[in-house]
1. Restricting attention to segment 40-54, report how many residues are assigned to a helix (DSSP H, G or I) and at positive phi.
2. Scan segment 17-39 for residues that are without any contact (Cβ under 8 Å) to a residue 24 or more places away in the chain, loosely packed, with under 10 Cβ neighbours inside 10 Å and in a helix (DSSP H, G or I) and jot them down.
3. Look through segment 1-16, keep the residues that are part of a loop (DSSP other than H, G, I, E, B) and of a type in the set (D, E, K, R), and return whichever of them is modelled with the lowest pLDDT.
4. Within segment 11-35, work out how many residues are more than 13 Å from residue 49 (Cβ to Cβ) and within 10 Å of the chain's Cα centre (by Cα).
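The values are calculated or read from the model by the stated rules, or taken from the named source; none is laboratory data. Since the structure is predicted, the reported quantities are computational estimates derived from the model, not experimental observations. Ideal geometry is used to build each Cβ from the backbone, glycine not excepted, and the neighbour counts take in all protein chains shown.
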Amino acid sequence: MKVSFDRRLFEKELRKALNLLVPAEIQLFKEWCYSKFSSKYEPVLNKYFIGLAG
């Protein structure tokens with residue numbers, strides 16, 4: 001599934017993914033998200049990852 005083309009859809013799918021992950025998985029997911037999507041969606045990523053442990 002390609003969700004990176006639309007900001008609202010990207011944000012919705014990011015929220016869903018974060019709700020499914022256990023805390024131990026979030027840091028790896030965060031690193032992956034920033035490596036793949038920060039050029040286009042860094043403000044969205046910051047909204048969800050700033051303040052999380054790790």
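1. Taking segment 40-54 first, the residues assigned to a helix (DSSP H, G or I) are 40-49.
Within this subset, residues satisfying the condition of being at positive phi are none.
Selection size over segment 40-54: 0.
2. 19, 20, 24, 35, 39
3. In this case the residue turns out to be 2.
4. Number of matching residues: 3.
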